[in-house]
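Trainee: Have a look at this one.
The values are calculated or read from the model by the stated rules, or taken from the named source; none is laboratory data. Computed from a predicted structure; not experimentally measured. With ideal geometry, Cβ positions are generated from the backbone for all residues, glycine too; neighbour counts draw on all protein chains shown. Just so you know, the surface numbers come from the protein's heavy atoms only, side chains and all, with ligands and any DNA or RNA stripped out. Shrake-Rupley method; radii C 1.70, N 1.55, O 1.52, S 1.80 Å.
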Amino acid sequence: MDLTPHATRFPSCGGCQKPCSTTHEYCERTVRDLPILGRAVRLSVLLRRVGCRDCGKRMEAVSWLDR
Ligand SMILES: [Zn+2]
């Protein structure tokens, strides 16, 4: 399962949640999610590293992703 960020939406800073306009690089993360119907689900997520004016370089905030 592949998830890619919405191109029309600015990423938000993982530190202060403010939208950032600068994307430094893309970074793929594999996330193990809860088993669904007895099968473990692995999500492949493309995260962006953003440049925040306040926090510097941060991973983007992903609201549905737990740490
Ligand atoms: Zn920030």
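Trainee: With a 1.4 Å probe and every protein chain kept in, tell me what percent of the accessible surface of the chain is carbon plus sulfur.
Mentor: Its accessible area is 49 percent carbon and sulfur atoms.
Trainee: Now for a different question. Connecting C-alpha atoms closer than 10 Å in a GNM of the chain, tell me which of G38, G15, G51 has the biggest fluctuation.
Mentor: G38
Trainee: Right, something else. So how do D2, D33 rank on accessible area, 1.4 Å probe, biggest first, that is with the largest at the start?
Mentor: I get D2, D33, largest accessible area first.
Trainee: Continuing with this model, one more query. Name the long-range amide H neighbours of C13: under 5 Å, sequence gap of 5 or more, or other chain; modelled H, no Pro or chain starts.
Mentor: K18, C20, A61
Trainee: Then there is this: Compute the accessible area per residue over the stretch 2-59, keeping the other protein chains in place, probe 1.4 Å, unit Å².
Mentor: Counting only protein heavy atoms, the per-residue value for the stretch 2-59 is 77 Å².
Trainee: Of I36, M1, S63, whose Cα points farthest to the positive end of the dipole of the chain (charges on the beta-carbon: +1 Lys, Arg; -1 Asp, Glu; origin at the Cα centre)?
Mentor: Farthest along the dipole direction, towards plus: S63.
Trainee: About the Cα centre, and with charges only on the beta carbon of Lys, Arg (+1) and Asp, Glu (-1), how big is the dipole of the chain? Nearest 20 debye, please.
Mentor: 120
Trainee: Can you give the log10 of the normalised intensity I(q)/I(0) at q = 0.15, 0.23, 0.29 Å⁻¹, computed with Debye over equal Cα scatterers of the chain?
Mentor: So the normalised log intensities work out to -0.49, -0.95, -1.30.
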